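The values are calculated or read from the model by the stated rules, or taken from the named source; none is laboratory data. From a predicted model like this one, the values you see are computed outputs, not experimental measurements. Cβ sites come from the backbone with ideal geometry, for glycine too, and all protein chains shown count toward neighbours.
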Amino acid sequence: MIECDATTRKWGNSIGITLPSEELEREHIKENEEVKVLIIKKNQTPKKIFGMLQGKWNKSGQQIKDEIRAELYND
């Protein structure tokens, strides 16, 4: 799993990110390989993220975090 800072850039009609080469080498990621990306804006703290969802789910914060971890690490 890679955790690094990236800057968005205009790429045709889209926006792309560039991942550092040392991280790609460490994780053995090659061109045209499918990866999952979890995007969290730097100014968004977990409190803000989960606070936005307050009252919208019937699950506890711990249940939500457990589900996210399961998807990230078991896929």
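Could you list all residues from segment 4-26 that are of a type in the set (K, R) and touching a residue at least 24 places away in the same chain (Cβ under 8 Å)?
Taking segment 4-26 first, the residues of a type in the set (K, R) are 9-10, 26.
R26 - this is the single residue of segment 4-26 that is of a type in the set (K, R) and touching a residue at least 24 places away in the same chain (Cβ under 8 Å).
Quick check on segment 1-21: of everything there that is part of a loop (DSSP other than H, G, I, E, B) and more than 19 Å from E34 (Cα to Cα), which residue is modelled with the lowest pLDDT?
D5
Looking at segment 33-55, can you tell me whether even one residue there is over 13 Å from the mean Cα position of the chain (by Cα), modelled with pLDDT of 80 or more and part of a helix (DSSP H, G or I)?
No, because not a single residue in segment 33-55 is over 13 Å from the mean Cα position of the chain (by Cα), modelled with pLDDT of 80 or more and part of a helix (DSSP H, G or I).
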